[in-house]
Amino acid sequence: MPADPIAPPAVTDDDPGGRAVRRLVAVVALLAVLPALYLPGLVHNFFDLKIYMSAMDWWTTGHPLYDYVQPDRVQGALYFTYPPFSALLLWPFGLLRLGVTVTIFTVFTVLAVVLTTRWLVLPVIARHGLPRTFTLVVAVLLVLAVESTRETITFGQINMLLVVLILGDLLFAVPQARRWAGVGVGLATALKLFPGIFIVYLLATRRWRAAVVASATAAAATLLAAAIAPSDSWRFWTQELWDTERVGRTDYVGNQSLFGLLSRFTAPEKPDRVLWLLLVAVVVGYGLWRAARAARAGDLLTGLTLTGLVGALVSPITWTHHIYWFVPAMVLLVDVALSADRPDESRRRWWSAALALGTTAVITYGVVTFQKWGTDPVRTHDPVDFVTQNSYVLLCLLLLAALPIRSSRVTEKSHQMDRVPQ
């Protein structure tokens, strides 16, 4: 009678080899999913970066920078819309071959994702005793999977540079009262106006010196650009800044702001500006009140995340690649879910876990990547349209109200991790 085959050892939680196998399977699964997520986004083909480089070629041959226009089948016409200081940063790339520039932008964006994800996740790893390498790898892969990152990479955007400047400033320089605290926010504001909301945040949290440094840095960078390109600078700040038509159609689904939401009710007409300003006032007042509350409690990450969500909502144009701030929101929700270890915190734990999973699902699927682009005005006809066309707007509003402010015992441990950027 043949001997019974020897069964393999069971994989249990106490088996290090079993844990290693499960972690490897999780990483391989994420790596397998990433190409499928990026494939639809590859149709962007570094579209925005090509506009920047074409505008730089136009500018260096002696033409006015803001005269550059490129026909587009969806948006009608696209222009160079960044402040003049951004043009100074982009100008050297115009001297390189496009393929080299694409490679540089992509590599630096991925490196920025790795760096900022480490900044966000390392304190959570330390607090909860999570496996360091595995958790970091999974976190980076998840951040690369979300639509804002996909759009940033496949369009060739500079958003992750701004995120590095803002997070480095508000997570490390400002809490440590460094002399250069505020410089990162100021430079980000000079490069792209959206980060200016973080100067308002510094004022709301009474970080007076950092707010002054940020404002002075933004002003100095702007004046430097004005000294080098006076006519282009004057034209941008007196004319082009106020022309939303140059940026693109406000009713397009990619515009996930309050103004975009209203535009999809009134397209092709523009929405009522008074109604929009009233909504902006409510969102800014409530959002920055919660952000200041979080900062006073020592929860700096929640404070700056709420501020980023406010900025996304109130900007007239907020493309999906601008809303990086869902990423720290996910980290915060996971941290709260893992921290709620007392019986009276179980409800908060499950609510935070559910909101983290829901947020991850929404921002991974996205609102633009898997939709067809068309030239007709986008109108909201029914509740289904309202939800699908404004998913990020609604999620921003939900997080603005529901994002928990972590307890002092948790944030105190965070500050111990914030001594030096990891």
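Couple of notes before you dig in:
Each row is one residue, and each column tells you yes or no for (1) among the hydroxyl-bearing types (Ser, Thr, Tyr); (2) within 17 Å of Gly41 (Cα to Cα); (3) surrounded by fewer than 20 Cβ atoms within 10 Å (Cβ to Cβ); (4) in contact with a Cys (Cβ under 7 Å, 6 or more places away or on another chain).
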residue	(1), (2), (3), (4)
Trp325	no, no, no, no
Leu332	no, no, no, no
Asp335	no, no, no, no
Ser346	yes, no, yes, no
Trp350	no, no, yes, no
Gly358	no, no, yes, no
Val362	no, yes, yes, no
Val368	no, yes, no, no
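- The listed residues are Thr81, Thr117, Thr154, Thr109, and the only one of them that is crowded, with 19+ Cβ neighbours inside 10 Å, closer than 26 Å to Trp242 by Cβ and in contact with a helix residue (DSSP H, G or I) (Cβ under 6 Å, 6 or more places away or on another chain) turns out to be Thr81.
- The residues of region 202-250 that are closer than 29 Å to Phe47 by Cβ and not in a helix (DSSP H, G or I), listed by number, are Ala229, Gln239, Asp243, Val247, Gly248, Arg249, Thr250.
Rundown of residues vs (1) in contact with a Lys or Arg (Cβ under 6 Å, 6 or more places away or on another chain); (2) among the aromatic types (Phe, Trp, Tyr); (3) within 29 Å of Pro268 (Cβ to Cβ), yes/no style:
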{"residue": "Thr61", "(1), (2), (3)": "no, no, no"}
{"residue": "Tyr68", "(1), (2), (3)": "no, yes, yes"}
{"residue": "Gly76", "(1), (2), (3)": "no, no, yes"}
{"residue": "Phe80", "(1), (2), (3)": "no, yes, yes"}
{"residue": "Pro83", "(1), (2), (3)": "no, no, yes"}
{"residue": "Ser86", "(1), (2), (3)": "no, no, no"}
{"residue": "Leu90", "(1), (2), (3)": "no, no, no"}
{"residue": "Arg97", "(1), (2), (3)": "no, no, no"}
{"residue": "Val100", "(1), (2), (3)": "no, no, no"}
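- Matching option when the condition is assigned to a helix (DSSP H, G or I), more than 25 Å from Ala139 (Cα to Cα) and of a type in the set (Lys, Arg), among Arg349, Arg293: Arg293
- Within region 29-42, restricting attention to residues that are without any contact (Cβ under 8 Å) to a residue 24 or more places away in the chain and of a type in the set (A, V, I, L, M, F, W, C), the residue that is farthest from Val138 (Cα to Cα) is Leu39.
- Among residues of region 255-280 being out of contact with any helix residue (DSSP H, G or I) (no Cβ under 9 Å at 6 or more places or on another chain) and of a type in the set (A, V, I, L, M), the one that is nearest to His381 (Cα to Cα) is Ala267.
- Test: residue in region 66-85 that is under 28 Å from the mean Cα position of the chain (by Cα), at pLDDT 85 or above and at positive phi: no
- Test: residue in region 310-323 that is out of contact with any strand residue (DSSP E or B) (no Cβ under 8 Å at 6 or more places or on another chain), β-branched (Val, Ile, Thr), crowded, with 20+ Cβ neighbours inside 10 Å and over 14 Å from Tyr392 (Cα atoms): no
The values are calculated or read from the model by the stated rules, or taken from the named source; none is laboratory data. This one's a predicted model, so the numbers in the text were calculated from it and none came from an experiment. No Cβ is skipped: glycine too gets one built from the backbone with ideal geometry, and neighbour counts run over all protein chains shown.
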